[in-house]
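Reviewing the structure listed below.
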Amino acid sequence: MTKKIDLLNLVLIALSLFIAVIIPFKLFLFSYAILGPLHYLTEINWLKDKNYFLSANSKWIKVFLAIAIIISIYPLYKLSESGWGKMVDDFMDIMKGEGKILILTAFFFSVALFLFKKLSHLLLSLVACFLIAILLKNFLPSWFLIFGLFLPTIIHVYLFTGLFMLYGARKSKSRFGLLSVVVLLLVPFVIAFIPIEPVNYVVTEKVGMTYNASKFLNLNLAMTDMLNGFVDGKFMVLSPVGIKVQIFIAFAYTYHYLNWFSKTSIIGWKQSLTTRKTLYIALIWVGAIVLYLSDYFTGFVALYFLSMLHVFFEFPLNVITIKGLFRPL
């Protein structure tokens, strides 16, 4: 069974990359709106069934829940477009700027949950994690931007997916599993050497507006800047580097979702679904698709909380995976 799943994942990597090269913007929009919500819902249910991999400290998962709620306030505020007054506007500006601090706080705290058990130690560690995130912003702004922006996006969908695959392949001693990890790591280099002709990538006004509504252009901009891909000092999403960045983003997100759905039997997330849970998940998923189809930005905002929540809830599993890779079998 493991061999078949590993072979399937090799096919899924190739398929995701092939489609991403052809239609990078449409593929991302499709995957994020259709596959994404179903992934959030099924993974959150599975993590809850596994007690979030936190055993005695599982009650502290509420910290992640609170942070996800706080971070989700700003997108809702932008969607409302109502005059809330200067005080509220000023507060929301602060929320927009400090969201990355809370994201880093959540990740650092997920590490602390495996180091401490006492209430006093955990409370102090939570404060320390918050202060460390602030110090990182003020003294290492470049690293702060990279982790704050990439942690819930590219690091989550690409790096953590690769580490999770490596951990599984190491445990099962699967050669095809290790091969799939190697192939996954080679994808950015393959994309880098693909000859790109910008004239072959025509983005319709509707697709452009929809992608802009997804608020992912900041990710494109940051990655293009890291690759020195600006044209005459300006960010051009349809430049050769800009298109390759989009190909990688589309690939990473699409394969991340497909990888999750391919491993129902290996990690057993399907077994955590009861008939009632399946019905609830299906109803929410269909509702999410309807929202995205009616207005992409509305769907993005409505599902933003769930997308961030599943990232935060997965942090303890990410910590376990990283620890496991450094342990002898």
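Values quoted throughout were computed directly from the atomic coordinates according to the rules given, and no laboratory measurement underlies them. Since the structure is predicted, the reported quantities are computational estimates derived from the model, not experimental observations. Cβ atoms come from the backbone with ideal geometry, glycine included; neighbour counts cover every protein chain shown.
Data table
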{"item": "Of all residues making up the stretch 210-246, the number that are in contact (Cβ under 8 Å) with a residue 60 or more places away in the chain and closer than 21 Å to residue 296 by Cα", "result": "9"}
{"item": "Sole residue being touching a Ser or Thr at 6+ places or on another chain (Cβ under 7 Å) and of a type outside the set (Phe, Trp, Tyr), chosen from 289, 281", "result": "281"}
{"item": "Test result for residue 151, out of contact with any Phe, Trp or Tyr (no Cβ under 8 Å at 6 or more places or on another chain) and closer than 24 Å to residue 39 by Cβ", "result": "no"}
{"item": "Scan of the stretch 247-298 for residues that are free of Cβ contacts under 8 Å to residues at least 40 places away in the same chain, surrounded by 15 or more Cβ atoms within 10 Å (Cβ to Cβ) and not hydroxyl-bearing (Ser, Thr, Tyr), ordered by number", "result": "291"}
{"item": "Qualifying helices (runs of 4 or more DSSP H) (wholly inside the stretch 107-209; at least 2 residues being among the β-branched types (Val, Ile, Thr) and either surrounded by 12 or more Cβ atoms within 10 Å (Cβ to Cβ) or in contact (Cβ under 8 Å) with a residue 60 or more places away in the chain (or both))", "result": "119-139, 175-193"}
{"item": "Residue match in the stretch 267-289 (condition: in contact with a Gly (Cβ under 9 Å, 6 or more places away or on another chain) and either under 30 Å from residue 222 (Cα atoms) or of a type in the set (Phe, Trp, Tyr) (or both))", "result": "yes"}
